[in-house]
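Worksheet: one structure, shown below.
The values are calculated or read from the model by the stated rules, or taken from the named source; none is laboratory data. Because the structure is predicted, anything quoted here is derived from the model rather than measured. Using ideal geometry, Cβ is built from the backbone for each residue, glycine included, and neighbour counts are taken over all protein chains shown. Accessible surface areas use protein heavy atoms only, side chains included; no ligands, DNA or RNA. Shrake-Rupley method; radii C 1.70, N 1.55, O 1.52, S 1.80 Å.
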Amino acid sequence: MMSEKILALLKAITLKDCQYDASCVQTIAHVGELGQQVFIYSDQTNYYFKAIGSPYLLAITKWLVMQLQDNDKAALTAFADIDIAKLQQMFDLPMHKRQDALVILQLIEQL
């Protein structure tokens, strides 16, 4: 069963999260391959994303983009302290979703 936080993040995803003018955006980060990939784009004012994978990966990517969009310096510096265990705890991830947490950690490293 998915946690309430994951479900709330999934409900918060809108078309605006992934609709952008390709000529005006820059790829900020890309991680993963084949069945698990995340792309984050920016047009200087907004952040957009594409996530290919599980609903958990999609929801955590939404959370990450929300943190970037808020431009909260404290939250952004807190990314340095995030590890797999913390991600699993924050989002109540089941053990079999450890790979999703690894993809998000790789994404955070690129940011």
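Charge tally around ILE60: other residues with Cβ under 10 Å, Lys/Arg +1 each, Asp/Glu -1 each, net +2.
Would you mind calculating the relative contact order of the chain from Cα pairs under 8 angstrom and at least 6 residues apart, reporting the percent as a whole number?
Over the chain, the number comes to 27 percent.
Among 62-69, 34-41, the peptide with the highest mean count of other Cβ atoms within 10 Å heads the list, and the full ranking is 62-69, 34-41. Distance between the pseudo-spin-label points of SER23 and GLU109 (7 Å out from Cα toward the beta carbon): 3.7 nm. Here r is the Cβ-Cβ distance between MET95 and LYS50 and R0 is 30 Å; the resulting FRET efficiency, rounded to 0.05, is 0.70. Recomputing Cα Rg over 2.2 N^0.38 Å from the coordinates shown identifies the correct label among [x] 1.20; [y] 1.10; [z] 1.01 as [z]. For the chain, with all protein chains in place and a probe radius of 1.4 Å, 53% of the accessible heavy-atom surface sits on carbon or sulfur. Taking the Cα centre of the chain as reference, the dipole from Cβ charges on Lys and Arg (+1) and Asp and Glu (-1) amounts to some 220 debye. The mean accessible area for residues of the chain, using a 1.4 Å probe and ignoring ligands and nucleic acids, is 59 Å² per residue.
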